[in-house]
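The values are calculated or read from the model by the stated rules, or taken from the named source; none is laboratory data. Since the structure is predicted, the reported quantities are computational estimates derived from the model, not experimental observations. With ideal geometry, Cβ positions are generated from the backbone for all residues, glycine too; neighbour counts draw on all protein chains shown. To get the accessible areas, we keep the full protein, side chains included, count just its heavy atoms, and leave off ligands, DNA and RNA. Shrake-Rupley method; radii C 1.70, N 1.55, O 1.52, S 1.80 Å.
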Amino acid sequence: MSLVHYEIRDGIGVIRLNNPPVNALSTALRRDIQEAFAAAREDASEALLLICDGRTFVAGADISEFDKPPQPPSLPEVIEQIEQSHKPVIASLHGTALGGGLELALACHYRCGLASARVGLPEVKLGLLPGAGGTQRLPRLVGVEKALKIISGGKPIPAVEAEKMGLLDRVFDTGAADLLPRALEYAREIIDRRAGPRRVGELPAPSAGAETFSQFRQQLDKRSRGQLAPQLIVDAVQAATEQPLQRGLETERQLFVQCRESDQSHALRHVFFAEREAARVDGLEGVEPRPVHSVGIIGAGTMGGGIAMCFASAGIPVTLLEMNGEALERGRAAIERNYATAVRRGKLDEVQKERCLAAIRGTTDYGDLAQVDLVIEAVFEDLNVKREVFARLDRTCRPGAILASNTSYQDLDAIAAATARPYDVVGLHFFSPANIMKLLEVVRGKRTADDVLATAMKLAKRIGKMPVLSGVCYGFIGNRMLRRYGSQAQLCLIEGASPEQVDGAMESWGMAMGPIAVGDLAGLDIGYRARQSLDDEQKGDPRSYCIADALVEQGRLGQKSGAGFYRYDAETRSRKPDPLVASLIEEKATEFDVVRRTFTDAEIRERLLLALVNEGAKILEEGIAQRPGDIDVVYIYGYGFPAHRGGPMFYADSRGLRGVYAAICDLQAQYGGDCWEPAPLLRELAESEMTFAGWAEGNRQF
Ligand code: CAA
């Protein structure tokens, strides 16, 4: 059956695309579009209207086909055919016209659409550049500077803004049902005006001085350090200013293929699908979530306040509970400050801010939580305190209410056991700052009901989070792995590396922030306090925390006290190495009989990254994470792992598990300890020449 329907309405040939869910330009769709345009060429229609069924105009090339051999017709061929049409062609947009979708629209002679539509070239987020004329046609239409911004930023822009810059010709402030009639009227207007085809490719080549490009490249060096696609995008746009259209298109194609074949693009495409898969819990298909119309949050500290903002911003009323009026007032003031910052940064307007603030009601009375649909506990990280809170919630909340804990380390099953309804208990582990960070670990207890889990996954999307399912273990997916990574960072220090070398090695590889600086940012007292509740065995190798403990005992808690592993400038918060810390590290090395030596950056990276991979393999094998891609999503969205490296498990797969396993065995021989005990799954996969991804796929088929 054809994915394109063609009919003539009032002299206008209407070409309707229907390829759910997002009208991606698969081989079949490209072929059907080509056939429809060929058929329309000689018929009685006076103009052609390209429009889509379903929730959106074309959202791009079909990413799932990128790893398969290319099939004709290529998108550039289809686009060439449309642009060369001798009848005027009008694109009619709704939803999101992205990537190849916008390039298709740029091939049309006129573009109209709904005011609610958004248009963009997000290829850069997949490590690509627009490969079907986008880098050549967009600058001809809107100028070099705007085109560079749109293509290298990848962020879609609203239709109204697109109209202002000449990217759209007409915007309709109406609902989706009226799009076709309004677009037909617009097409009729073009016919009556005898406007004829207006080909973007025939517009004069855009001009810009070499200075514009070199400045833009410099900005990109800072913004997207180490990434290939943004730099090649500038090359492609520059070609539009220097070469005639056909040559520019050829240059663009070569650069596109270079990007498509790059490791970075493979990694980013993996992340695209992993993100979407992570939101699915195997076995929950068809389970009906519970309705959530109101939420209670216990604790108005940094975490509770941030969580309250997530719900209020999504229009869900929140009751925020604290022990006393003073704590409540402090929490409320912090929330107001955060919303004011959002307004200052242009993320919200005053009216939206007031609406959000009005959605948060403070209380000190547990009775006010009696009727809410979901309660999230965000109190002090102590099992007994949490169990008391849950016992009280059990007495207070209505039957069927979901009781969630934001714990980052405690045993969710022990918390659930404090209630007579453990099936209603789930973990919702937000990351700090909760109103900003996208990751949400949804923790399934031994007895969590399926519909509670389904509700949590759905709700996460509603509040704009990226949910990943985790089973119960100390630290769940992310913090359990972080513990290994952090310990290795600390061991590198005592064995001879400096804080700035460890951070520099990881940051130059792409981590948003090095592990030592992250500790200072989070507050060294947090780990210190957490260790107080552990016995010596649980605490692990004392060499991996003795320096941090000594710093906390000297009152150096990290950024918040102006010093931790580094000293911080009060105004700029920039970090500076501290000779006192260097001496402290040496003292501790002497105390623990560690002979210090020099490190290469590569050695540091090897230890930190392989610690993540080995623990990730154990997490996978124990069924704590559903899939390797879920672990990757956790690390990218929660811990600043560079998306263009695909996450720790993808990194290991790309490097080859045989080599990874051998390297871990070497580290075990050199250093010993639990961290380097190779995960049995890793050994098995290495020996059978498999990947984590292949293993997960195989598991699914059984
Ligand atoms: N190719 C293949 N599948 C796609 C796709 C694409 N371009 N875009 C979305 N999908 C799939 C998703 O994988 C998802 O599938 P499942 O339901 O099986 O998980 C489904 O469509 C729905 O997607 P979302 O869950 O993301 O839905 P949403 O409503 O939240 O978002 C969207 C819709 C804004 C279009 C979002 O999917 C998106 O940003 N898509 C990618 C757009 C993009 O990057 N386009 C450029 C492609 S590269 C290109 O076009 C190169 C070129 O120049 C030739």
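Can you flag which of K438/K461; K125/K438; K386/K618; K149/K222 are past 18 Å Cα-Cα?
K386/K618
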>> Run the simple label-point estimate for S214 and E687 please: 7 Å along Cα→C-beta, distance reported in nm.
In response: 5.9
> Rounded to the nearest 0.05, what FRET efficiency is calculated for K576 and L284 with R0 set to 41 Å and r the Cβ-Cβ distance?
Replying inline: 0.25
> For I8, what is the net charge nearby, where nearby means another residue's Cβ is under 10 Å from its Cβ and Lys, Arg count +1, Asp, Glu -1?
Replying inline: -3
> Based on the Cβ-Cβ distance from E587 to A314, what FRET efficiency comes out when R0 is 51 Å, to the nearest 0.05?
Replying inline: 0.50
>> In whole percent, and with a 1.4 Å probe on the protein chains, what portion of the accessible area of the range 278-387 is carbon and sulfur?
In response: 51
>> Given Cα positions, please report Rg to Rh for the range 273-359, the hydrodynamic radius being the Kirkwood one.
In response: 1.08
>> What is the distance in Å between the Cα centroid of the range 364-395 and that of the range 671-702?
In response: 40
> If the chain between Q670 and L141 were fully stretched, how many nm would it gain, using 0.36 nm times the residue separation less the Cα-Cα distance?
Replying inline: 184.4 nm
> Per the Kirkwood treatment, what hydrodynamic radius in Å, one decimal, follows for the range 399-456 from the mean inverse distance over all distinct Cα pairs?
Replying inline: 11.6
>> Can you compute the modelled spin-label distance between E621 and E35, with each label point 7 Å from Cα toward Cβ, in nm?
In response: 5.2
> Round to a whole number: what % of the accessible area of the range 550-702 belongs to carbon and sulfur, probe 1.4 Å?
Replying inline: 50
> If the chain between M1 and R194 were fully stretched, how many nm would it gain, using 0.36 nm times the residue separation less the Cα-Cα distance?
Replying inline: 65.9 nm
> Give me the Kirkwood hydrodynamic radius of the range 4-260 in Å, from all C-alpha pairs, to one decimal place?
Replying inline: 18.2
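Could you sort the peptides 225-234, 604-613 by per-residue average Cβ neighbour count (10 Å cutoff), highest mean leading?
Per-residue Cβ counts within 10 Å, averaged per peptide and sorted highest first, yield 604-613, 225-234.
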>> Ratio of alpha-carbon Rg to the 2.2 N^0.38 Å globular estimate for the range 537-691, to two decimals, please.
In response: 1.22
> Non-local amide H neighbours of L439 (under 5 Å, H modeled in plane, Pro and chain starts lacking H): which ones?
Replying inline: M466
> With the other protein chains left in place, how much accessible area per residue, in square angstrom, belongs to the chain at a 1.4 angstrom probe?
Replying inline: 43
>> Between S26 and E261, what's the calculated FRET efficiency when r is the beta-carbon distance and R0 is 35 Å? Round to 0.05.
In response: 0.95
>> Suppose the chain between R531 and A602 were pulled fully straight at 0.36 nm per residue; how much longer would it get relative to their current alpha carbon spacing?
In response: 22.6 nm
> For the range 601-702, what is the largest minus smallest coordinate of the Cα atoms on each principal axis, given in angstrom and ordered from greatest to least?
Replying inline: 39, 30, 22
>> Largest first and in whole Å, what are the equivalent-ellipsoid semi-axes of the chain based on the Cα gyration tensor, each being the root of 5 times an eigenvalue?
In response: 48, 31, 25
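Find the percent of Cα-Cα distances in the range 477-599 that exceed 26 Å, and round it to a whole number.
Pairs farther apart than 26 Å: 14 percent.
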> Which value in Å is the Kirkwood Rh of the range 12-82 over different Cα pairs?
Replying inline: 12.8
> Nearest 20 debye, what's the magnitude of the dipole of the range 4-260 about its Cα centre given +1 on Lys and Arg Cβ and -1 on Asp and Glu Cβ?
Replying inline: 660
> Just the projected area, averaged over all directions, of the convex hull on the alpha carbon atoms of the range 295-470: how many nm²?
Replying inline: 8.8
> What is the set of long-range amide H partners of E377 at a cut-off below 5 Å, with H atoms built 1.01 Å from backbone N?
Replying inline: I298, A404, S405, N406
>> Take R398 and S432, extend 7 Å from each Cα along the Cα→Cβ direction, and tell me the distance between the two endpoints in nm.
In response: 3.4
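Just how many % of Cα pairs in the range 229-298 lie over 17 Å apart, if you round to the nearest whole percent?
66
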